[in-house]
Amino acid sequence: HDRAGNGGLNTTTIGILGAYHKALDKNGKHMLSLGVQADYTNRRLDQSNLQFYNQFNANNQFNGNLPTGENIVDERIGYFDLSTGLFYHGKVAKKLMLYVGGAMFHLMKPKASFASGDELEISYRYMAQGGLDIELKKVDILPSVLYMRQQNTNELNTGLGVAFKFGN
C-alpha cells in the first residue's frame, strides 16, 4: 500500500508470483530461473486532499470552493498486470560466480488514468542486471550492475560489495 502526499493518491497492489528453477548441469552449479508475476492494482484519488492551480486566486491564495479545472471522472481505477523475468547464476570458474538476468514489466500495458478521454497506458519497463562474486583469500569482491528503461527514462546503478571471511 502506498499513500502519496497528504493521502491524495492511494495505491494498493496485490499479486501472486511463481518461479521455476532448472539446474543446467548435474552438479547444480549452473541454474536458470523463470519467474512470472500477476498483479491487481487499485488506485484511489481523493481530490479533497489536493490543491490545483485553478483554485488559487490572483493573490495566490487557495480557495477550495473554486473548480479544479481537471476532468476527473473516476476517483477509483483498477487494473490487472503481468511481469516476467529470466535469471541465470552459475559458478563459471573455481573462484568466480556470475549472475545475469532480465525482466519485463507491465506486459498488459494497463490504462491508469482518472481523467475522461485520457488513455494513459503504463509503458513497458525493461530491467537487466548482472554481477560477479570473486573469491579471494580473506574477502569476496562483489561488483554489480542494474539497468532499467521505461519509455525515454533510463536508470543505471552500479555497485561494489566486499564480504569479509572470518574463522576457518
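The values are calculated or read from the model by the stated rules, or taken from the named source; none is laboratory data. Remember, it's a predicted structure, so these values are computed and weren't measured experimentally. Neighbour counts are summed over all protein chains in view; Cβ atoms, including those assigned to glycine, are modelled from backbone coordinates with ideal geometry. For accessibility, only protein heavy atoms count, side chains too; no ligands or nucleic acids. Shrake-Rupley method; radii C 1.70, N 1.55, O 1.52, S 1.80 Å.
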Legend entry - Contacts under 7 angstrom Cβ, first residue in the stretch 52-77 being open to solvent by 80 Å² or more (accessible area, probe 1.4 Å) and among the aromatic types (Phe, Trp, Tyr), partner at pLDDT below 85 and not in a strand (DSSP E or B), 6 or more apart: Phe62/Gln51
Inset, instruction - Among the numbered conditions (1) of a type outside the set (D, E, K, R); (2) open to solvent by less than 50 Å² (accessible area, probe 1.4 Å); (3) at pLDDT below 95; (4) over 23 Å from the mean Cα position of the chain (by Cα), tell me where Ser113 comes up short. - result: (4)
Legend entry - the stretch 123-157, residues that are over 30 Å from Pro110 (Cα atoms) and assigned to a strand (DSSP E or B): Gly131, Leu132, Asp133, Ile134, Glu135, Val139, Asp140, Ile141, Leu142, Pro143, Ser144
Inset, instruction - Test Leu107 against the stated conditions and say whether it is modelled with pLDDT of 90 or more and assigned to a strand (DSSP E or B). - result: no
Inset, instruction - List every residue pair whose Cβ atoms lie under 7 Å apart, where the two residues are 6 or more positions apart in sequence or sit on different chains, the first residue falls within the stretch 1-29 and is over 28 Å from Gly101 (Cβ atoms) and open to solvent by less than 80 Å² (accessible area, probe 1.4 Å), and the second residue, located anywhere, is of a type in the set (A, V, I, L, M, F, W, C) and part of a loop (DSSP other than H, G, I, E, B). - result: Gly8/Leu50
Inset, instruction - Might you let me know whether the stretch 74-82 holds any residue that is assigned to a loop (DSSP other than H, G, I, E, B), of a type outside the set (S, T, N, Q), modelled with pLDDT under 95 and over 17 Å from the mean Cα position of the chain (by Cα)? - result: yes
